[in-house]
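No lab work stands behind these numbers, since they all come straight from the coordinates. Please read these numbers as outputs of a predicted model, since none were measured by experiment. Positions of Cβ are backbone-derived with ideal geometry, glycine not excepted, and every protein chain shown enters the neighbour counts.
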Amino acid sequence: MAMDFFQSQDVARKSTGRLVILFILAVIAIMALVYLLVAAVIYFGGRQANVEQSRLTDFMVRPELALGVGAATIAIVGLGSLYKIIQLRAGGAIVAESLGGELIHPQTTDPTARRLLNVVEEMAIASGTPCPPVYLLQEKGINAFAAGYSPENAVIGVTRGCAEQLTRDQLQGVIAHEFSHILNGDMRMNIRLIGILNGILIIGIIGYFIFRSALYTGHGYRRSDRRGNPLPLLALGAGLAAIGFVGTFFGNWIKAAVSRQREFLADASAVQFTRNPSGIAGALKRIGGYGPGTKIENPNAPEASHMFFGRAITSGLSGMFSTHPPLPKRIRRIEPSWEGDYITDEPMIEEEAAGVRAGVSGFAAGAAGTRAAEKPPAPRASAIEQIGRPTEDHIDYAAQLISRIPPPLADAARESYGARAVVYALLMNDDPTPRRRQTRQLDEHADPGVCRLTGALLPVAARLPEELRLPLADLTLPALRALSTSQYQVFKRNVDVLVEADEKIDLFEWTLQRMILRHLQPHFTRVRPRRAQYYALNRLQGQCTLLLSMLAYVGHADRSDARHAFDLGARKMGLAHATLLPPEQCSLKALDHALDMLNRVTPRLKRQIIIACAASVSADREVTVAEAELFRAIGDALSCPMPPLLPGQRLT
């Protein structure tokens with residue numbers, strides 16, 4: 001039975017916990033080895049200097065030496081790991097750039113890059129995650145990766161070989177595989193693996209430098225000058241280098257063991273995502289029939305090898321250290337009847353590229369474009385069951401939504417000037433009085449070019465159907481991440497003022513403001529990762545009550561209907577004595593604080609909260625666009641990526 005999103009999050013959290021335990025055990029083993037080495041060097045160094053020593057076995061039992069060596073080892077390994085993790089904390093862009101990746105501009109007209117961006121945009125909107133920046137690696141091998149601490153700072157990296165050598169369906173399968181790593185919480189564990197291995201590697205590096213220093217010092221050594229004897233240092237350096245090698249050996253073994261299982265799960269998720277096994281299976285078959293395979297030439301590839309779609313490096317101990325299962329094994333997991341034939345023919349990219357050129361302003365024609373023209377059927381699964389588990393219907397629906405966005409808005413959303421103007425235009429009020437305040441704010445504080453473009457886009461944005469507003473906002477995120485820090489601060493201030501201009505905040509304004517700024521903030525300011533702090537909802541009853549009260553009032557004008565909706569949600573949430581709050585106690589600012597608190601519960605409790613919210617929204621058996629947007633915003637605030645609600649789809 002397949003795991004749902006919340007179970008996957010629990011598994012990822014437990015896997016990280018096991019990784020920490022293995023790291024601690026590895027450090028303890030390294031401490032013991034370093035202590036034995038230092039004690040032996042001191043003992044034999046003393047013997048060589050004619051210093052009176054007890055027996056070696058007695059000499060080894062020295063608590064003060066063990067304490068000092070242990071503290072030094074912990075400090076070196078810990079600082080080495082911490083340094084690397086902090087270095088990577090800025091997000092996946094650091095990893096992509098270290099591998100030679102070049103950011104693809106959202107407005108690119110290059111057919112290959114445009115096709116790739118179209119696939120990523122569809123996947124992002126279909127999965128309910130922020131659209132990640134895409135980096136192109138100038139590598140011949142067919143490979144890709146997802147990197148980052150969270151969906152907010154994740155990036156997708158794709159090699160040129162992958163972008164050029166795969167058909168659209170095959171490329172979609174690879175991108176779906178990488179999105180599953182984003183959704184399943186694998187990326188943070190991958191970053192920590194890099195940090196852990198770096199800490200262990202530091203021991204070996206220190207040993208190497210000690211050995212080299214002692215070797216050069218030893219050239220001037222004379223037997224009559226015992227104070228300059230380099231042999232103890234040579235022995236210490238060689239021993240530390242050996243310990244570092246052994247530690248790295250087992251660290252790589254752990255990395256490979258963890259990564260192989262996650263790759264199988266990501267392959268399965270990609271099949272579920274696209275409902276097209278031939279896509280990802282075809283990509284794997286093409287890799288098998290392609291000369292360069294999945295190899296990455298960049299010298300930084302070894303430390304990030306476990307992040308890639310396919311095996312990025314080769315080694316003599318390939319079976320033990322391989323971070324990916326063998327190609328035939330992966331293919332047979334997807335297609336049990338596969339007879340062992342690989343794909344050697346290059347794809348007909350020219351025909352697909354023509355469709356891309358025709359669709360730069362909106363949705364690029366292609367395999368998914370034909371399906372998107374049809375109304376997607378209502379799936380059997382509920383919206384909650386598909387959190388973090390989007391399907392082909394969602395991909396088709398996302399493609400359909402993108403194709404319906406007017407070209408002036410879609411084009412503007414993909415560049416930094418236009419993206420700001422699009423968001424401003426979506427927030428402009430129809431009432432003349434607040435509209436004047438908003439216009440004055442932009443005239444005084446926005447870039448003049450952005451201000452003019454906002455005015456030009458206003459008529460088009462005013463006619464935009466409700467269901468296209470959030471998908472359009474999603475398209476702006478990659479371009480908005482390209483702003484400088486000062487530009488972002490001005491943009492954020494302008495958004496706040498535009499929202500508050502009419503002295504009230506409607507649900508769409510709140511949803512847009514929260515989702516846009518929440519996904520941008522980690523890129524411009526340091527945000528501490530949210531860890532589970534609450535393991536029961538009884539300590540957060542006030543926050544739960546406020547959330548359910550807000551939902552009850554949004555969808556039900558009648559007080560008795562609102563109370564009924566609230567009671568349904570309260571029962572699902574297990575709130576025995578909760579009562580509906582009066583409207584005056586329900587503010588969107590209070591809801592912001594409540595959601596920040598509720599985001600600190602375990603994945604199991606988040607599932608319970610989402611189910612309760614769905615029960616409240618569905619109490620009247622009708623879900624409006626406003627309710628659907630609010631429901632998705634709540635899921636987003638709880639770090640539960642929710643695909644767009646399909647026509648006819650139920651919440652629970």
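Database remark: amide H of Leu580 closer than 5 angstrom to no amide H (H placed geometrically; neighbours at sequence offset of 5 or more, or on other chains; Pro and chain starts carry no H).
Among Val119, Val41, which comes first, then next, by fewest other beta-carbon atoms within 10 Å? Let's see the in-between values first.
Numbers: Val119 27, Val41 18.
Lowest to highest Cβ neighbour count: Val41, Val119.
For the range 630-642, putting each phi into the Karplus relation 6.51 cos²θ - 1.76 cosθ + 1.60 with θ = phi - 60° gives couplings of 5, 4, 5, 5, 5, x, 4, 5, 8, 6, 10, x, 10 Hz, in residue order, rounded to whole numbers and with x for Gly and Pro.
On full extension, the segment bounded by Gln487 and Arg571 gains 25.6 nm, given 0.36 nm per residue less the C-alpha separation.
Modelled this way, with points 7 Å down the Cα-to-C-beta line, the labels at Gln261 and Thr652 are 3.4 nm from one another.
Could you give the length gained by full extension between Asp596 and Thr525, i.e. 0.36 nm per residue of separation minus their alpha carbon distance, to one decimal place? Mind dumping the intermediate values first?
Values: separation 71, 0.36 × 71 = 25.56 nm, distance 1.70 nm.
The span from Asp596 to Thr525 would gain 23.9 nm if fully extended.
Compactness check for the range 537-637: Cα Rg over 2.2 N^0.38 Å is 0.95.
For Leu517 and Ser213, a Förster radius of 56 Å and the Cβ-Cβ distance give a FRET efficiency of 0.60, rounded to the nearest 0.05. As a rough footprinting exposure proxy, the listed residues Tyr397, Tyr342 were ranked by other beta carbons within 10 Å of their own, and the order from fewest upward is Tyr342, Tyr397. Three principal axis extents describe the C-alpha atoms of the range 406-524; from largest down they are 34, 29, 27 Å.
Rank the residues Trp338, Trp510 as a footprinting-exposure proxy: fewest other Cβ atoms within 10 Å of their Cβ go first.
Working: Trp338 15, Trp510 18.
In order of increasing Cβ crowding within 10 Å: Trp338, Trp510.
The label point for Phe245 and the one for Asp506, both projected 7 Å from the Cα toward the Cβ, are 7.0 nm apart. Over the range 537-637, Cα pairs under 8 Å with separation of 6+ residues give a relative contact order of 37 percent.
Work out, step by step, the length gained on full extension between Arg89 and Asp558: first 0.36 nm times the residue separation, then minus their alpha carbon distance; give nm to one decimal. List each step's numbers first, then the result.
Values: separation 469, 0.36 × 469 = 168.84 nm, distance 4.83 nm.
Working it through step by step, the gained length comes to 164.0 nm.
Each residue of the range 587-602 was assigned a 3J(HN,Hα) from its phi angle through the Karplus expression (A = 6.51, B = -1.76, C = 1.60, θ = phi - 60°), giving 10, 5, 5, 5, 5, 3, 5, 4, 5, 4, 5, 5, 6, 9, 8, 6 Hz with x at Gly and Pro. How many percent of Cα pairs in the range 547-591 exceed 16 Å? It works out to 30 percent of all Cα pairs.
Spin-label model, Glu64 to Tyr342: label points 7 Å out along the Cα-to-beta-carbon direction sit 6.3 nm apart. For the range 470-548, the equivalent ellipsoid derived from the alpha-carbon gyration tensor has semi-axes of 27, 19, 12 Å in decreasing order.
Determine, from the Cβ-Cβ distance of Arg332 and Gln585 and an R0 of 41 Å, the FRET efficiency 1/(1 + (r/R0)^6), rounded to the nearest 0.05. Show your work: numbers first, answer last.
On the way: r = 59 Å, r/R0 = 1.43.
For Arg332 and Gln585, the calculated efficiency is 0.10.
Straight-distance candidates among the lysines for linking to Lys84, with alpha-carbon spacing under 20 Å and chain neighbours fewer than 8 residues away dropped: Lys255. Taking a virtual spin label 7 Å from the Cα of Leu22 along the C-beta vector, which residues in the range 270-311 bring their backbone nitrogen under 20 Å of it? Flagged as within label range: 302-311.
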